[in-house]
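The values are calculated or read from the model by the stated rules, or taken from the named source; none is laboratory data. Everything quoted here is computed from the prediction, not taken from an experiment. Positions of Cβ are backbone-derived with ideal geometry, glycine not excepted, and every protein chain shown enters the neighbour counts. The accessibility values were calculated without ligands, DNA or RNA, using every heavy atom of the protein model including side chains. Shrake-Rupley method; radii C 1.70, N 1.55, O 1.52, S 1.80 Å.
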Amino acid sequence: MHRRVLAGCVALTALAAPTAAQAQYTAPPPAPGFHYIFDGTATGSDASFDKWKFASGTLAQSATQGQATLDVAEGTIRVGASPFGSYWYTPRPFGNEVFRIQYQIENTPTSTPNGGIMIRAPYFAYTGATTNDVLAQKPTGFNYDVCGGALAFCNRTTPGASTTYNWAGAPGPFPPASNASTPAFEYTGGYCARQTAAGVYNVNGTNGQPLTVNGNANNAQHWTQVYCGHEVQINESLNGGGPNPSTDPIKTGSIYGFRNLNAQQSGTNNRLTKGVWHQYEIRTIGQQYTIMIDGKIINQFDNSIPKINTRAGDAPTMARQFTQGYLGLQTHGGTDRISYREIQVKDIADSDIPKNTVMPSVTGSGYQGNALTCNHGTWSTPAGTTYFVKWYRSNKILPTNPRFRAPSATDYWNQTLPIDQTYGTQAQTISDSLLVGEGDTYTPTAEDVGKVVHCAVSADNAGATVWKTAVAPEILSATNANGDAGGTVPATLSLTLGTPASFGPFTPGIAKDYDATTTATVISSAADAALSIADAGATATGHLVNGTFSLPSALQAAATSAAGTGKPLADVGGSAAPTGLLTYAGPVANDAVAVSFRQHISAADALRTGAYSKTLTFTLSTTTP
């Protein structure tokens, strides 16, 4: 209810109303699952211009300093000469969301390209008459309530209670989990928008001395957004001279001071033209933020990891663990002119967020030049979830580092690149864990030796993007050389027969099938082989004989084995037409073959006293020795 009252009493003095002569811009339908929170209209809904209020310094300054106007024809917020501050969306805070925000560098000769998107800032419109009064309304220590001040709007008469921060830990170059030591290491410190002296925080700053936070946010609304939430930077410039020159090396897509991108990493050289609309997509799921520009992921940041800002005096991540916060459109002051339009949001339900149940892992030897594999682990995810993997290289953060418990981005990596005129006239700096590869596999190089390599497996369900990490084995220097080892196999066809088959006595005058068996052992090095049987004799070919007498019915044969493919019983043929017993599709060793014979005797067959027999020839042959 209080949020509705606040939205209803936004001071229109902070916003310049459009002229009646302009044609009203009509925003296209929102993307599926999204809804507008700014659609280009002046009033009439929670997506109108009058729901955005200016925040700069004190409450009084914020009420009068905003100079933004609504360009009705283009449905655009033009920030004008607004000073350092932001226009924030008053109807409600946001938690797990996907934001889509179009922005452009205003197409005027003097416009410069700096702005930003403020996310996850707690309520900051403190009403105290003096700075001391405002500080008295604020929590003292860590507090993560979206509305933690002693304010009527927050339904509080006293500030929110202070707490500590316990870090759960994660595989990689990150600080150890709070509970990895005895006693557990609990992070303590001051409220994010409160000046703190040495000793309030139990971690060190960029100078290696106890961390202090300056007083910029003591009684300044926009600095509270900067120190308590996060600024997703807009700075569409090169580094140094050239088109859109800038002395600020932190470029578009950066999480300001925590995960900075240079011009090359951001790709600002592709977005220098004024008057061109680009689309930011900012995903805030839990404490993990994914940043996209024009459909491409350019940055990911995990706010849960204890980390200090690279800018001395700013509050660290441990003071910023808000699960909800307000959205703002930064006005940078001076000649900076970033315009905004078509602001959409997609609310993400908890059931839509992928859940990891078995952590990812990295397999591989760890030797330089030998590929590593990032195994995704197990996830409980909605249908349609996709996965992607990124690999990072970092410095080792040793216990001797004064910022062991909360490193800065420059502890993880700090490298100056040679000047590349594509990205400006000044050298660029790379900081924080360095993205070195994408995809399930990564092959370590000499640059990885002595560093920490880890992968991050992201699960994405239509914008609900979260990730888990896995650390690779220690990367060791190695030189690979190929050496030959081998031997030869002579062409081999070997057939060994067992005890000859015997049917036993034939009984005259009685019809009967008589069966007998023998065995064979086959060895073949050929690509294929065949085992056959034939009667090479010229007398009663294929029939058993007793002197000049022969049995009327032909002798039949068949064979089976584990490695060969057999055939049904068939009459034994002559040398010109052997009877096939088995075929082999590849080499075989010591294949045990069972050979079956069958002899049919009819009741009318005249049998001569004596032994019936025949010498048969078994042949193992191949067409591809």
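Some notes on this structure:
- What a 1.4 Å probe finds exposed on the stretch 285-399 is 51% carbon and sulfur by accessible area, rounded to a whole percent.
- Residue 45-residue 108 pseudo-label distance in nm [points 7 Å out on the Cα-to-Cβ vector]: 2.9
- Spin-label model, residue 164/residue 569: points 7 Å from Cα along the beta carbon direction are separated by 8.8 nm.
- In this structure the chain gives 42 Å² per residue of accessible area when probed at 1.4 Å with all protein chains present.
- Label-point separation in nm, residue 398 to residue 425, each point 7 Å along Cα→Cβ: 4.1
- Taking 367, 514 and ordering them by how much accessible surface each has at a 1.4 Å probe, largest first, produces 367, 514.
- Pairwise FRET efficiency - residue 365 versus residue 179, Cβ, R0 = 35 Å, nearest 0.05: 0.65
- Residues 417, 569, sorted by accessible area with the largest first, give 569, 417 [1.4 Å probe; ligands and nucleic acids excluded].
- Sequence-ordered 3J(HN,Hα) estimates for the stretch 376-387 from the Karplus curve with 6.51, -1.76 and 1.60 and θ = phi - 60° stand at 5, x, 10, 10, 9, 9, x, 4, x, 5, 10, 10 Hz, glycine and proline given as x.
- Which of 258, 617, 153, positive extreme of dipole for the chain (C-beta unit charges): 153
- Rounded accessible area of residue 134 (nearest 10 Å², 1.4 Å probe): 0
- Read-out Cα extents along the principal axes in Å, derived from the coordinates shown; its label in [x] 133, 61, 52; [y] 83, 68, 56; [z] 150, 84, 55: [x]
- Above-threshold pairs, the threshold being 22 Å between Cα atoms, out of 251/355; 251/307; 51/346; 390/468; 346/390; 307/468: 251/355; 346/390
- By average C-beta atoms within 10 angstrom, highest first, the peptides 186-192, 228-234: 228-234, 186-192
- Surface composition of the stretch 582-625: carbon and sulfur make up 54 percent of the accessible area, probe 1.4 Å.
- Ligands, DNA and RNA excluded, the heavy atoms of residue 387 present near 80 Å² of accessible surface to a 1.4 Å solvent probe.
- Of all DSSP bridge pairs formed entirely within the stretch 522-625, close to 95 percent run antiparallel.
- CD proxy at 222 nm, helix term only [per DSSP H run n ≥ 4: -39500 (n - 2.57); per residue of the chain; nearest 500]: -1500 deg cm²/dmol
- Heavy-atom SASA rank of 513, 528 (probe 1.4 Å, accessible area, largest first): 513, 528
- Long-range HN-HN contacts of residue 246 with modeled amide H, under 5 Å: 238, 240
- By average C-beta atoms within 10 angstrom, highest first, the peptides 373-383, 456-466, 318-328: 318-328, 456-466, 373-383
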